Amino acid sequence: MSKGSLNWQCISGCGACCRLDPERRGEALAALDAEQRTAYLDLVAADGWCRHFDTGNRRCRIYADRPDFCRVQRLLALFGQEAEDFDSFAISCCLQQIRSEESGRGRVMKRFLRAIRRQP
């Protein structure tokens with residue numbers, strides 16, 4: 001399957017993007033405006049995870065009502081990318097986060113790679 005035919009998919013039980021530790025997510029903070037940055041920092045728990053992320057069940061407790069900057073579809077606007085770049089940009093962001101949290105060989109990475117290879 002060619003790289004151009006990969007389609008971004010969020011997978012359940014991942015949560016790599018819910019690790020909000022400002023020391024590890026400087027690029028995310030820099031992309032936010034002052035109001036968003038304040039909201040972001042308010043979400044960070046003492047362990048660096050989002051306070052709404054259930055680490056035991058690996059799911060967001062406020063998924064339907066999560067902040068705008070937590071929606072992967074908003075990454076393009078936040079980082080100044082073009083709409084046609086969505087899949088490749090979102091995949092790149094997820095790969096970076098999953099590697100950072102789970103390593104490149106973990107179960108989450110394998111499930112993500114399988115998911116993005118599926119046809120939409």
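The values are calculated or read from the model by the stated rules, or taken from the named source; none is laboratory data. Here the structure is a predicted model, which is why all the values come from computation and not from measurement. Neighbour counts are summed over all protein chains in view; Cβ atoms, including those assigned to glycine, are modelled from backbone coordinates with ideal geometry.
For the reader, a short list of remarks on this structure follows.
- Filtered by the rule that a residue be part of a loop (DSSP other than H, G, I, E, B) and either surrounded by 12 or more Cβ atoms within 10 Å (Cβ to Cβ) or in contact (Cβ under 8 Å) with a residue 12 or more places away in the chain (or both), the range 37-46 gives a lone residue, Ala45.
- Selection of the range 102-120 for residues being under 15 Å from Cys14 (Cα atoms) and either β-branched (Val, Ile, Thr) or in contact (Cβ under 8 Å) with a residue 40 or more places away in the chain (or both) yields Glu102, Val108, Arg111, Phe112, Ala115, Ile116.
- One residue alone among Ala46, Ala77, Ala64, Ala83 is of a type in the set (A, V, I, L, M), out of contact with any helix residue (DSSP H, G or I) (no Cβ under 7 Å at 6 or more places or on another chain) and at pLDDT below 90, and that residue is Ala77.
- Selection within the range 22-36 - within 14 Å of the chain's Cα centre (by Cα), in a loop (DSSP other than H, G, I, E, B) and surrounded by 15 or more Cβ atoms within 10 Å (Cβ to Cβ): Arg25
- Verdict on Cys18 being surrounded by 11 or more Cβ atoms within 10 Å (Cβ to Cβ), touching a residue at least 12 places away in the same chain (Cβ under 8 Å) and within 24 Å of Asp87 (Cα to Cα): yes
- In this entry, Arg99 is excluded by the filter for residues that are without any contact (Cβ under 8 Å) to a residue 40 or more places away in the chain, within 14 Å of Trp8 (Cα to Cα), within 13 Å of the chain's Cα centre (by Cα) and in a helix (DSSP H, G or I).
- Being surrounded by fewer than 16 Cβ atoms within 10 Å (Cβ to Cβ) and touching a residue at least 12 places away in the same chain (Cβ under 8 Å) holds for only one residue in Phe53, Phe79, Phe69, Phe86, and it is Phe79.
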